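Have a look at the structure below before the remarks.
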Amino acid sequence: MTTKILRFLAEQQPSTPCLIVDLDVIVNNYNAMRNFLPAVEIFYAVKANPAKEVISLLVDLKSCFDAAGRQEIEQIIAAGATTDRILFGNTIKKQKDIAWAYDHGVRLFAFDSKIELQKLAQSAPTSNVFCRLLVNCEGADWSLSKKFGCDIEMARDLMIEAQEKGLNPYGISFHVGSQQTRIDQWDIAIGKTARLFFMLNEAGIELKVINLGGGLPTRYLNDNIASINSHADAIMSAMVKYFGNKMPLMIMEPGRFLIGNAGIIESEVVLISNKSYDENVRWVYLDIGKFGGLAETMNESIKYSIQAPGDGITGPVVLAGPTCDSADILYEIFQYQMPLSLKVGDKVLIMTTGAYTASYSAVNFNGFGPLKTYCI
Ligand SMILES: *Cc1c(COP(=O)(O)O)cnc(C)c1O
């Protein structure tokens with residue numbers, strides 16, 4: 001799977017740090033989703049990796065898109081998708097961006113609050129709207145709980161209000177949390193959503209779509225995660241259990257699953273040091289850190305597999321980035337092992353970094369530019 005990337009690195013010797021994305025892996029992931037969840041329409045969550053080549057590829061694969069703002073929508077349109085394939089899924093939108101999207105033909109919007117609903121009614125009349133339901137994201141390594149969604153009673157009232165305001169109450173969305181490792185979370189979230197469907201049914205509103213969000217995991221260091229087919233089974237069993245023969249249309253917004261394992265970052269060791277004669281902690285500083293694209297190492301949430309050259313004996317290290325900010329430490333509590341022979345100038349490969357890296361990299365912190373991406 002990585003041979004194409006390794007060949008590229010060997011032949012091109014790009015300067016580091018850089019992210020190499022193998023587009024073939026995205027195609028495989030996309031097809032796996034199609035295979036295991038054939039009834040689910042895919043809306044790629046652009047924030048995971050907005051590279052032009054990635055969006056174009058997904059346009060060609062007939063994917064739809066979940067966009068967070070005007071700029072992402074512009075990127076999707078520029079790549080050739082029509083706006084009927086775009087969901088403006090962010091629940092926190094400026095009124096003028098809603099109006100802009102509506103003028104450009106976007107008719108799918110998400111919201112989770114009364115004021116956002118008012119904005120939509122005003123600037124996106126008659127659009128199809130999703131209300132996002134608050135779910136508990138337990139088991140997710142990168143939780144999206146609390147900030148998004150509203151509780152079930154509020155969602156019910158807001159959807160009734162949506163209809164009164166001339167919008168089309170179209171569906172319910174949720175996100176079980178990114179890198180979700182517990183497949184039973186699907187049952188909980190789908191069960192709650194079904195309850196809301198029936199509550200609205202009693203109020204005379206027939207919803208059409210369940211938006212299952214993201215959450216499908218990719219495989220990081222030591223991750224014993226369930227496969228796509230186990231997740232698909234859990235999703236479909238819950239759908240049958242709670243909706244029976246009144247199955248709504250299903251959509252999903254994968255980000256990490258589609259692109260995480262398609263990318264590898266190459267980085268260079270800039271410095272290796274100790275802090276005192278007494279303490280033998282080996283600090284290894286790379287040319288990429290939290291601000292260069294590895295933001296998901298925050299609280300050591302996502303643990304990437306890192307390959308360093310040399311086999312011999314290994315020892316624990318503290319891994320840090322190159323910037324002048326003491327927050328720029330990647331892993332300290334979790335002890336990575338690196339060869340004792342590791343030296344300055346060695347190249348390391350940070351695996352499974354296709355998602356949530358380049359899009360997070362700072363534009364100019366300490367003069368370090370954004371993470372360069374090569375799509376091959
Ligand atoms: C980030 C996000 C996604 C993608 O989540 P993954 O866990 O990467 O699949 C999907 N939907 C929404 C609304 C998001 O904000």
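The values are calculated or read from the model by the stated rules, or taken from the named source; none is laboratory data. A quick note: this is a predicted structure, and the numbers were derived from the prediction, not measured. Because the Cβ atoms are built from the backbone with ideal geometry, glycine has one as well, and the counts that use them run over all protein chains shown. Note: areas computed on protein heavy atoms with side chains; ligands, DNA, RNA excluded. Shrake-Rupley method; radii C 1.70, N 1.55, O 1.52, S 1.80 Å.
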Confirm whether Ala234 is of a type in the set (A, V, I, L, M, F, W, C), outside the structural domain of Asp187 (by TED's automatic domain parsing) and within 16 Å of the ligand (Cβ to nearest atom). no
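Can you tell me which residue is farthest from the ligand (Cβ to nearest atom) among those in segment 248-258 that are in a helix (DSSP H, G or I) and not basic (Lys, Arg)?
The selected residue is Leu258.
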Need a quick list: strands (runs of 3 or more DSSP E) entirely within segment 1-105 having at least 3 residues that are out of contact with any Cys (no Cβ under 9 Å at 6 or more places or on another chain). 64-67
When you check Lys47 against the structure, is it closer than 24 Å to Ala110 by Cα, surrounded by fewer than 22 Cβ atoms within 10 Å (Cβ to Cβ) and within 17 Å of the chain's Cα centre (by Cα), yes or no? yes
Within segment 209-226, the residues that are within 16 Å of the ligand (Cβ to nearest atom) and either aliphatic (A, V, I, L, M) or open to solvent by 60 Å² or more (accessible area, probe 1.4 Å) (or both) are Val209, Ile210, Leu212, Leu216, Arg219, Ile225, Ala226
Looking at Met236, is it under 28 Å from Ala48 (Cβ atoms), open to solvent by 50 Å² or more (accessible area, probe 1.4 Å) and in contact (Cβ under 8 Å) with a residue 60 or more places away in the chain? yes
Got a sec? Which of Gly312, Gly321, Gly345, Gly369 is over 29 Å from Leu57 (Cβ atoms) and modelled with pLDDT under 95? Gly312
Of the listed residues (Ile76, Ile92), the one being open to solvent by less than 30 Å² (accessible area, probe 1.4 Å) and within 19 Å of the chain's Cα centre (by Cα) is Ile76
Return the pair list, or none, for Cβ contacts closer than 9 Å from residues in segment 282-304 that are free of Cβ contacts under 8 Å to residues at least 12 places away in the same chain and closer than 22 Å to Ile225 by Cα to residues that are open to solvent by 20 Å² or more (accessible area, probe 1.4 Å) and in a helix (DSSP H, G or I), at least 6 apart or on different chains. Met298/Lys290
Of the conditions (1) open to solvent by 20 Å² or more (accessible area, probe 1.4 Å); (2) touching a helix residue (DSSP H, G or I) at 6+ places or on another chain (Cβ under 9 Å); (3) more than 15 Å from Ala262 (Cβ to Cβ); (4) touching a residue at least 40 places away in the same chain (Cβ under 8 Å), Glu41 clears all except one; give me its number. (2)
Verdict on Leu340 being surrounded by 19 or more Cβ atoms within 10 Å (Cβ to Cβ) and either in contact with a His (Cβ under 9 Å, 6 or more places away or on another chain) or aliphatic (A, V, I, L, M) (or both): no
With (1) in contact (Cβ under 8 Å) with a residue 60 or more places away in the chain; (2) over 30 Å from Val240 (Cβ atoms) as the list, and Asp60 as the residue in question, which single condition is left unmet? (1)
Determine which member of the set Asn245, Asn280, Asn261 is within 16 Å of the ligand (Cβ to nearest atom) and either more than 26 Å from Phe365 (Cβ to Cβ) or assigned to a loop (DSSP other than H, G, I, E, B) (or both). Asn261
Restricting attention to segment 178-192, does a residue exist that is over 27 Å from Gly354 (Cα atoms) and touching an Asp or Glu at 6+ places or on another chain (Cβ under 7 Å)? no
Conditions first: (1) open to solvent by less than 10 Å² (accessible area, probe 1.4 Å); (2) farther than 30 Å from Phe197 by Cα; (3) among the aliphatic types (A, V, I, L, M); (4) not in a loop (DSSP other than H, G, I, E, B). Ile272 passes all but one, so which condition is the exception? (1)
Residue hits (segment 95-152; out of contact with any Gly (no Cβ under 7 Å at 6 or more places or on another chain), open to solvent by 50 Å² or more (accessible area, probe 1.4 Å), farther than 17 Å from Pro169 by Cα and modelled with pLDDT of 95 or more) are Gln95, Lys96, Asp103, His104
